[in-house]
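To start, the structure itself, in structure tokens.
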Amino acid sequence: MTDVRSYRYEALARDGSRTRAVVSAPDEKSAFRRLQSEGLTVLKLAEVEIKHVSLSKRNLKPAERVLVIRQLALMLEAGVGLLEALETVAAGIEAEKGREQFRAVVAALRQGDPLGKAMTEHAPGFPFYLYSMIGIGEAAGRIADVLKDAADQMAYEEQLRRDFVNALTYPAFLLSAGVLAVLFIFTQVVPRFATMIGDDRSNMPAISRLVLGVGTAASENILLVLIGLGGLIAGGILVASNPAARTWAYGVAHGTPVLGGVLKAREITAWSRLTAFALGNGVPLLQAATLSREAAPEGEFRRSLGSLETDLRAGVAIDASLAQHTRLTPMDISLIRTGARTGALARMFGFLADSYDAKLRDQIKRFTSLMEPVAIGLISVIVGVVALSLVLALSSVYDQVL
């Protein structure tokens, strides 16, 4: 595939004004012809020297995907042609795999494919709704607006994911540090007490015998303990990477008192935001409902959205269906009913998304503030039980000596 290069030029426009900018083309002659076809008299033309860096064959990261779509939207909005905009975006992508994908998109466009089809076939990994929305934007002649809104939606979802992960980071760190501390106590400290006390433990409390036994066993089988700990870590990675296991873990978390509330608020926020995005770009209600349902994770809420689509096909009002099949509050339903009657449904879904977004962030803060003391308290209880058991064991030995 031909490489696209960047050329800095100085030229005279038809009105006599001077212009300086950068143009992308396969070679210098192509760049010159391109500028001439735009009615420019080229005075200077020189290739922009780009420092090439050895890159890994990785794909685009989520934040990079947002930046790519946002840059493409801005260039189209500024009047840059679609091919030139895509060539410029592709030339600026640092991830080698992502760059090759967009070059393939450019090649497909040159062969006459529409942008939606080219992106679907050659640039996988973007949110599923982007491909559908590009096709709708092309048909309506609003591709720049659609891409801009899609970039905002992608950025919102990425920020939501980061906020949720950040909320779990500190509690996870505390638990990890606590587990390591308990492991050290059982494998290094408790066995020394067991050696000092000896084998006669008949007069000791049951808790002391249990702690000393566990510590001795852990010390004698340290390799098995480490293998077991590694197995737990590997199991966590497997759950995170396996879709079926991830769905199961999500369902379990969804049923917990505090974390479940966070996940439910996140579902409604993402669903209402995407619905507002689709409706605001001229997508029919039924198609918008399908797009937003496909973004929801497997579970009760997604099944209720499937019932919504069935009702919409049967002519049932959206507010009546949501009231029957979802757990939206009466105020939420009233908001949607008003939007449906006044033709401002997209705005009402946007307002609903903002409302649940504020609620979600508040619940994340509450979840974080709760998890920190729970993690500290759990580790403190374990360490306290071990310390008390050792003290009781030493007291029993002291009583026997006396």
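The values are calculated or read from the model by the stated rules, or taken from the named source; none is laboratory data. This one's a predicted model, so the numbers in the text were calculated from it and none came from an experiment. Glycine also receives a Cβ, built like all others from the backbone with ideal geometry; neighbour counts cover every protein chain displayed.
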Ile379 fails exactly one of the following numbered conditions: (1) closer than 30 Å to Leu328 by Cβ; (2) at pLDDT 80 or above; (3) β-branched (Val, Ile, Thr). What is the number of that condition?
-> (1)
Scope segment 278-303; condition under 18 Å from His325 (Cα atoms) and out of contact with any Leu (no Cβ under 7 Å at 6 or more places or on another chain); matching residues | Thr290, Glu294, Pro297, Glu298, Gly299, Glu300, Phe301, Arg302, Arg303
If you check every pair at least six apart or on different chains, which have Cβ atoms under 7 Å apart with a residue in segment 175-204 that is under 13 Å from Ala393 (Cβ atoms) first and a residue that is modelled with pLDDT of 80 or more and small (Gly, Ala, Ser) second?
-> Val190/Gly215; Pro191/Gly215; Pro191/Ser219; Ala194/Gly215
Go through the residues of segment 263-271 one by one and say whether even a single one is more than 19 Å from the chain's Cα centre (by Cα) and either surrounded by fewer than 17 Cβ atoms within 10 Å (Cβ to Cβ) or within 21 Å of Phe351 (Cβ to Cβ) (or both).
-> no
Can you confirm whether segment 249-264 contains a residue that is within 19 Å of Leu360 (Cα to Cα), modelled with pLDDT of 85 or more and not hydrophobic (A, V, I, L, M, F, W, C)?
-> yes
With the checklist (1) assigned to a helix (DSSP H, G or I); (2) modelled with pLDDT of 85 or more; (3) surrounded by fewer than 16 Cβ atoms within 10 Å (Cβ to Cβ); (4) not charged (D, E, K, R) in hand, flag the one item Gly315 doesn't pass.
-> (1)
Considering segment 318-342, residues that are part of a helix (DSSP H, G or I) and polar (S, T, N, Q), and then whichever is surrounded by the fewest Cβ atoms within 10 Å (Cβ to Cβ), we arrive at Thr342
Return yes when Asn203 is surrounded by fewer than 17 Cβ atoms within 10 Å (Cβ to Cβ) and not in a helix (DSSP H, G or I) and no when it is not.
-> yes
Ile134, sole failed condition from (1) among the hydrophobic types (A, V, I, L, M, F, W, C); (2) in contact with a Pro (Cβ under 9 Å, 6 or more places away or on another chain); (3) in contact (Cβ under 8 Å) with a residue 40 or more places away in the chain | (3)
Any residue in segment 329-352 that's assigned by TED's automatic domain parsing to the domain that holds Ala317: show its pairings with residues that are polar (S, T, N, Q) at Cβ separation under 6 Å, as long as the two are six or more apart or on different chains.
-> Phe349/Ser272; Phe349/Thr275; Leu352/Ser272
Inside segment 35-47, can you point out the residues that are within 12 Å of Ala11 (Cα to Cα) and free of Cβ contacts under 8 Å to residues at least 12 places away in the same chain?
-> Gln36, Glu38
If you go through segment 356-393 one residue at a time, how many are within 30 Å of Leu212 (Cβ to Cβ) and touching a residue at least 60 places away in the same chain (Cβ under 8 Å)?
-> 14
Return the residue satisfying two criteria in turn: it lies in segment 341-398 and is in contact with a helix residue (DSSP H, G or I) (Cβ under 6 Å, 6 or more places away or on another chain) and of a type in the set (Ser, Thr, Tyr), and of such residues it is nearest to Leu259 (Cα to Cα).
-> Thr368
Consider Arg209 against the criteria (1) outside any helix (DSSP H, G or I); (2) touching a Lys or Arg at 6+ places or on another chain (Cβ under 6 Å): it satisfies all of them except one. Which criterion is unmet?
-> (1)
Residues that are touching a strand residue (DSSP E or B) at 6+ places or on another chain (Cβ under 9 Å), in a loop (DSSP other than H, G, I, E, B) and at pLDDT 75 or above, drawn from segment 1-37 | Ala13, Arg14, Pro26, Asp27
